[in-house]
Every structure is written in C-alpha cells, then in structure tokens.
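Reviewing the structure listed below.
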Amino acid sequence: MLESGLIPLIFMVAVAIVVLSIFFSFVPVMLWISALASGVRIGIITLVAMRLRRVIPSRIVNPLIKARKAGLELDTNQLESHYLAGGNVDRVVDALVAAQRADIPLGFERAAAIDLAGRDVLQAVQMSVNPKVIETPIVAAMAKNGIEVKAKAKVTVRANIDRLVGGAGEETIIARVGEGIVTTIGSSEAHKDVLENPDRISQTVLNKGLDAGTAFEILSIDIADVDVGKNIGAQLQTDQAEADKRIAQAKAEERRAMAVATEQEMKARVEEMKAKVVEAEAQVPLALSEALKSGKMGVMDYYNLQNISADTQMRQSFGHAGEKQKPITPPDDKK
C-alpha cells in the first residue's frame, strides 16, 4: 500500500519539475528580478512577448539596465526595434554612454542609423575623443628639375559623427593625401625646395580641404619621411636620345638600301643600253649587205670603209699604248 501511494507522488513531483523547468526557460524570471532590482520597470508579460517575437530578452534588458544606470532615457520599444532590424543593441548603448561621458551630442536614432549602416558606432565615438593616426604608403613624385622625391605622411583624423552615414572611409583620405603630395612635389621647381621645406606639403594638402565628403575630420598632416629617388628627367632624356638614335639608324639604313637599289637599277639600265648597242651593231652588216645587193654601195666603197675602220683601230691602239707608258722624270743635276 505504501509503495502504491509513492508512485503517484513521484510522478506528480516529476511532472511539476518538468513544468517548472519549461516555465522558467520560457519566462525569464531571474532577468525580470534583476531588472526590478536595477530600477528598470518592465513587466513579466513584456518579457514573454519578447520570446514570442523571437527576441532574446537578455539582449534588450541588459543594455536597458546599463542605459538607465548611465542616466539615458531609453525604452524597450527602441531597443527591440533596433534588434529586430539587425543592429547591435549593446554596442549602440555603449556608444551612447561613451558619448554622454565625453559630452558629444549623439541621439539614439543617429547611433542606430550609424550601426545599421555597417560602421562601428562605439569606435567612432572613441575616435571623436581620441583621434586616430593614419599612415600613408610611400608616395613618389617628380619635381620640375626631373628628380624623384619619395614622401610618407601621417594623417591625424577625428571621426565626424554627423557624416558617418554616407561618408567616405580611410581609403579616400589616403588617396586624397597622396594626390596632394604628388601635386605639391610636382609643382616645385627643384627637389631641394621640398627637402628644405617639407611643411609645404602639409600646408598644401590641408588647404585643399580633403576631408570634404568623408566620415573624418583631418586635424593635421605630418610628413614622416622624405627621400630623394632617381633622376627621372635624365633617364627620360637618355631614353629619348636612344630612341632618336635608333630612328636615325633606321632612316640611314633605309637611305642606304635605296642607294643600293638605285645602283642596281643603274647597272641594269647600263646592261640594257649595251644590249641595245650590240643589237644596233648587229644591224650594220645586214645594212651593208643590203646596200651591196641593191647596188647603193660598190665593192670599192666597202673596201674603203674597211680600210678606214682598220686605220681607226690602229690609231686607237697607238693612243692606248701611249697612255699606259709612264713618263720618266730626268734627274735634277742642280741637287
């Protein structure tokens, strides 16, 4: 009888334990008690409704307790809507607390918008209090005298809360500062001017207002290092001279090839003229034969022509023989 009475009791205790565990897991009683102890008035039904809306109550209540302790007037609807929008409630509350302590005007709507835009709002508030130093890579530019100058700058920036949404980031600041360095070095008459006054780069870049449209405010630009590079002007002149030399050589080779072609053409024309002369000379015997046949020329006339031709050849041979003999200079007796 005793054992039969214990079984229902054990069963009821087990059911009660299961029901209580389910109740306490669904209803955050401990979180509700913690909120009441911290002075945050929030109903248990509100916490249950958060569960039903698939909102983790601790992600709302703990930042709300932190805000109330810091003196911020926030309610659960604001935090819950930001959580449902995909924002980081805890980070937004931390940023609001930090902004209040640093006396920076920052409202919840602005902080939530910055957080939803993908920027770290807490880091932005910290950068407003403690400026950040951005170091640019080495920027190389050429002065007007052709000497290359390499410079590296350190840019001190402070976050601009009002321009965090839609403002450009650090990459834009680095690009604009590099452009200012190139402009300043390129407008210098000599590289010595840049080496003597590196602050000219800083003043030129600051006067350009490079922080416009960015999420930062440039406080100062300091030139960390300035070095002299290559003589780009001399190298360019050397390359230009080498190119001109190659062009002149190509033109000379072209003229030489044209001269050779013209010479070969003249030789071909000479040979052609010689062939025509030979062809014309071949017509002479035929003309003589025709003249003899037709009676226009007699045999004695032909013999006289042969004699004249032989005499001419003899005289030419004598002339060539005289040209080949060198004159003998008699010795000078006076010496």
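Name the single residue that is nearest to E189 (Cα to Cα) among those in the range 132-164 being open to solvent by less than 50 Å² (accessible area, probe 1.4 Å) and part of a loop (DSSP other than H, G, I, E, B).
The qualifying residue nearest to E189 (Cα to Cα) is A143.
Kindly check whether there is at least one residue in the range 278-297 that is open to solvent by less than 80 Å² (accessible area, probe 1.4 Å) and within 25 Å of the chain's Cα centre (by Cα).
The answer is no, given that none of the residues of the range 278-297 is open to solvent by less than 80 Å² (accessible area, probe 1.4 Å) and within 25 Å of the chain's Cα centre (by Cα).
Within the range 99-113, restricting attention to residues that are more than 16 Å from P63 (Cβ to Cβ) and aliphatic (A, V, I, L, M), which residue is surrounded by the fewest Cβ atoms within 10 Å (Cβ to Cβ)?
A102
Is it the case that K230 is of a type in the set (K, R) and farther than 19 Å from K152 by Cβ?
So K230 does not fit the description; no.
When the residues of the range 207-235 are filtered to those that are in contact (Cβ under 8 Å) with a residue 60 or more places away in the chain, β-branched (V, I, T) and touching a Ser or Thr at 6+ places or on another chain (Cβ under 8 Å), which remaining residue is farthest from I173 (Cα to Cα)?
In this case the residue turns out to be I223.
How many of the residues making up the range 84-96 are buried (at least 19 other Cβ atoms within 10 Å of the Cβ) and in contact with a Leu (Cβ under 7 Å, 6 or more places away or on another chain)?
The total comes to 5.
What number goes with the only condition from (1) open to solvent by 50 Å² or more (accessible area, probe 1.4 Å); (2) at pLDDT 80 or above; (3) more than 26 Å from D103 (Cβ to Cβ) that D199 does not pass?
Among (1) open to solvent by 50 Å² or more (accessible area, probe 1.4 Å); (2) at pLDDT 80 or above; (3) more than 26 Å from D103 (Cβ to Cβ), the lone unmet condition for D199 is (2).
Can you pull out the residues in the range 247-287 that are among the β-branched types (V, I, T) and within 30 Å of M297 (Cβ to Cβ)?
Taking the range 247-287 and keeping what is among the β-branched types (V, I, T), we get 247, 260, 262, 270, 277-278, 284.
Within the range 247-287, V277, V278, V284 meet the criteria.
Only helices (runs of 4 or more DSSP H) wholly contained in the range 34-88 count here; list those with 1 or more residues that are free of Cβ contacts under 8 Å to residues at least 24 places away in the same chain and not small (G, A, S).
Here the list reads 44-52, 76-84.
Looking only at residues in the range 167-196 that are outside any helix (DSSP H, G or I) and within 22 Å of the chain's Cα centre (by Cα), which one is surrounded by the fewest Cβ atoms within 10 Å (Cβ to Cβ)? Reasoning before the result, please.
Within the range 167-196, the first condition is being outside any helix (DSSP H, G or I), and the residues that meet it are 167-169, 187-190.
Subsequent filtering for residues that are within 22 Å of the chain's Cα centre (by Cα) retains 168-169, 187.
Working: A168: 16, G169: 11, S187: 14.
Here the residue is G169.
Among the residues of the range 159-171, count how many are of a type outside the set (D, E) and within 11 Å of I134 (Cβ to Cβ).
Residues flagged as of a type outside the set (D, E) and within 11 Å of I134 (Cβ to Cβ) within the range 159-171 amount to 1.
The values are calculated or read from the model by the stated rules, or taken from the named source; none is laboratory data. Bear in mind the structure is a predicted one, so any value in this text is a computation, not a measurement. Heads up, the Cβs are rebuilt from the backbone with ideal geometry, glycines too, and the neighbour counts pull from every protein chain shown. Accessible surface is based on the protein model in full, side chains and every heavy atom, while ligands, DNA and RNA are left aside. Shrake-Rupley method; radii C 1.70, N 1.55, O 1.52, S 1.80 Å.
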